[in-house]
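Notes follow the structure.
The values are calculated or read from the model by the stated rules, or taken from the named source; none is laboratory data. Source: prediction; values computed, not measured. Using ideal geometry, Cβ is built from the backbone for each residue, glycine included, and neighbour counts are taken over all protein chains shown.
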C-alpha cells in the first residue's frame, strides 16, 4: 500500500504536468503557431493510444483498428484547435471528449457492418480461440456496450479511466476537469446504476 500511494502521486503529478503543458500550448496553437500544434500532438498521442487500446480491445470485428481511431482523434483535435475556447475545463478534458466520441463512432460502424476476417487453413491443429469462443466473447462485448449505454457519457468515461485504465481518482479528475471527490461520486453512482440494471434484468 505504501508503494502504491507514491506511485499514484507520481502518476497524478505527471497528469497535472501534461495538463498544464497543454493549457500553455493551446493559446499559441489556436493563434496559428504550427510548432505549438505539433507539440500538442506529440503530447496527446500516447495518452490517446492508451485510451483507445483500453476502450476498443480486440478490433477484429470492427472496420477500423485502434491505430485508425487514434489517427482520427489526432486529426479531429488538430482541426478543432483553431476553434477551441476555454470553457472552464482543461484542454486534456477536451481531447478525451473527442476520443470518447470517435470510439463510440467506431463501435457504431462495427455494429452496422461487422467484419470477421479469416486466415488461411492451418497445417496443424490450432489452440487459438475458435468460432464459438469468438462468438461468446463478441456477445459479452456487445452486452457490456449495451449495458454501458444506460450511463451518462461522463459516467462511462469515469468508469473507463478508473477501472479499465486503472487511473487514480486524482488522475481521472485532472483529465476531465473536476475534483477527485466528484470522480468518486460519479463512479459510485455509475456502478450502482449498472448493478440495479443487472438485478432488474435477471
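So here's what we get for this one:
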read-out: Test: residue in segment 128-145 that is closer than 20 Å to residue 57 by Cβ, outside any loop (DSSP other than H, G, I, E, B) and either under 14 Å from the mean Cα position of the chain (by Cα) or modelled with pLDDT of 80 or more (or both); value: yes
read-out: Subset of segment 72-91 (residues that are farther than 11 Å from residue 26 by Cβ and either surrounded by fewer than 12 Cβ atoms within 10 Å (Cβ to Cβ) or modelled with pLDDT under 90 (or both)); value: 79, 83, 87, 88, 89
